[in-house]
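One structure is given below, encoded as structure tokens.
The values are calculated or read from the model by the stated rules, or taken from the named source; none is laboratory data. It should be emphasised that the depicted structure is a prediction, and the values quoted were computed from it without experimental measurement. Because the Cβ atoms are built from the backbone with ideal geometry, glycine has one as well, and the counts that use them run over all protein chains shown. Ligands, DNA and RNA are excluded from the accessible area calculation, which covers all protein heavy atoms including side chains. Shrake-Rupley method; radii C 1.70, N 1.55, O 1.52, S 1.80 Å.
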Amino acid sequence: QHNLRLAWRRYRLASLAVKVLIYGGALLGVAIGVDLAMTSSGNTQDKIDYVIAGIMLYVAPIMVINCQIGVLVLVLGEMMDEKESKMKLMQMINGVSVPTYYFAALCHTMICGTLVSLGLTIVVSATSARSSNPLLIFLALQFGMMQMFAVAVCIASFCEKAKDSAGFSAVIGFLPVVPMILGGVLEDANEPMFFGLGFLPTFGLSSLLQSVVALESPALSATNQIVPGRGWSWGETFFEGVQRITDGEVERGIAVPPAGSLFLLLPLQTLVWLCIALRCEMRALGGE
């Protein structure tokens, strides 16, 4: 039984690695493919960068979030295995406290999550955020990973069987699309709405990635001239916003709050989710 469990865990890790390679490779493939196709057609580099940025504005957040959901599925699967096999209950009976068990599970998640975040940071920096600070992107992804762990704990505390938890993961997979719809429809970034909805799983990180890519993207001026974008980093561009301006000098086509504001909210959103998860864990074990 132990060997079967170990093999199943290795299968999940392999599945996560494949998912990261697929989504990360898709991002690289889109960027390289569009670049080669437009270069062969005689387009200027500014125009190529403008087209790639327009694609990455929507593709990059979805790909990144889907990789993080892969970590969620991995953690959730192991939690449900321990719950169904009563291994978690046995650890509690043998003297392991709830905070200790919770912290150990968080560390295990962040080991896998850190490797995924490093890979995603490299891919995003190479495709859609070339001038942005990679450390800021990595930290944002790490906060997202901790949120995925907390969401997995909450789902596991309410579900009795592994098959019952699958539906929650599917629903979370659709949430990154919401900020993209809002950013494309709204004329101005409604910051209170984005900040409030940022407490939903994946919403805050998805909005932040869109803001970073939009800031980095070349813009189209009123005279149809391509204006170079600016990288997100510490300093003057940290709180620089990208508005969807239809009558102004520049049109970037999306309304999202500044990446710096969204980034500073990530620790608070993550802390709230971790506290909720710990509460759910303690309540669930108390019920058992």
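Per residue of region 55-62, in order, report the coupling 6.51 cos²θ - 1.76 cosθ + 1.60 (Karplus, θ = phi - 60°) as ³J(HN,Hα) in whole Hz, putting x for Gly and Pro.
Ordered by residue, 3J(HN,Hα) equals 6, 5, 4, 10, 6, 4, x, 5 Hz.
So what are the ³J(HN,Hα) numbers for region 20-33, from phi and the Karplus equation (6.51, -1.76, 1.60; θ = phi - 60°), rounded to whole Hz, Gly and Pro as x?
5, 5, 5, 5, x, x, 5, 4, 4, x, 5, 4, 5, x
Over the chain, with the other protein chains present, what is the accessible area per residue in square angstrom, probe 1.4 angstrom?
Details: 13620 Å² over 288 residues.
With the other protein chains kept in place, the chain gives 47 Å² per residue.
Out of residues 5 or more away from A219 or on other chains, whose amide H comes under 5 Å of its own, with H placed 1.01 Å from N in the peptide plane?
The list, which skips near neighbours in sequence, is V227, G229.
For labels at S131 and N190 in the simple 7 Å Cα→Cβ model, what's the distance in nm?
That separation, rounded to one decimal, is 3.1 nm.
Compute the distance in nm between two label points, each set 7 Å from the Cα along the Cα-to-Cβ direction, one at I32 and one at K47.
Simple spin-label model gives 2.4 nm for this pair.
Within the chain, what's the longest run with no chymotrypsin sites (Phe, Trp or Tyr not before Pro) in a DSSP loop and at most 12 other beta-carbon atoms within 10 Å? Give the range, please.
Numbers: sites that count: F174, W234.
Counting at most 12 other Cβ atoms within 10 Å as exposed, the longest clean stretch of the chain is 1-173.
In whole Å, how far is the Cα centre of region 13-44 from that of region 125-204?
After rounding, the separation between the Cα centres reads 22 Å.
Given R₀ = 25 Å, what would the calculated FRET efficiency be for V178 paired with A14, taking r from the Cβ atoms and rounding to 0.05? Working shown, then result.
Values: r = 31 Å, r/R0 = 1.24.
It comes to 0.20.
Given a 1.4 Å probe and every protein chain left where it sits, what share in percent of the accessible area of the chain is carbon and sulfur?
Details: 9180 of 13620 Å².
Looking at the chain in its full context, I get 67 percent from C and S.
Let me have the 222 nm mean residue ellipticity of the chain computed from DSSP H runs of 4+ only, each contributing -39500 (n - 2.57), with the sum over all residues rounded to the nearest 500.
Values: 10 runs with 211 residues, N = 288.
Mean residue ellipticity, 222 nm, calculated: -25500 deg cm²/dmol.
Just to be sure I understand: if I project the alpha-carbon convex hull of region 60-196 onto a plane and average over all orientations, what area do I get in nm²?
Values: hull surface 38.9 nm².
Dividing the Cα hull surface by four gives the mean projection, 9.7 nm².
Check which residues have an amide H placed less than 5 Å from S132's amide H, if you skip close sequence neighbours.
W232
Run the numbers on the chain and let me know its relative contact order in percent, using alpha-carbon pairs under 8 Å that are six or more apart. Before the final figure, lay out each step's value.
Values: 389 pairs, mean separation 64.2, N = 288.
The normalised contact order for the chain reaches 22 percent.
Students often get this wrong, so try it: which of (1) 1.15; (2) 1.03; (3) 0.95 is Rg/Rh (Cα atoms, Kirkwood Rh) as calculated from the structure shown?
Here the calculated entry is (2).
Skipping prolines and chain starts, which residues have an amide H placed within reach, meaning under 5 Å, of the one on V242, given they are 5 or more residues away or on another chain?
Excluding prolines and chain starts, which carry no amide H, the hits are V256.
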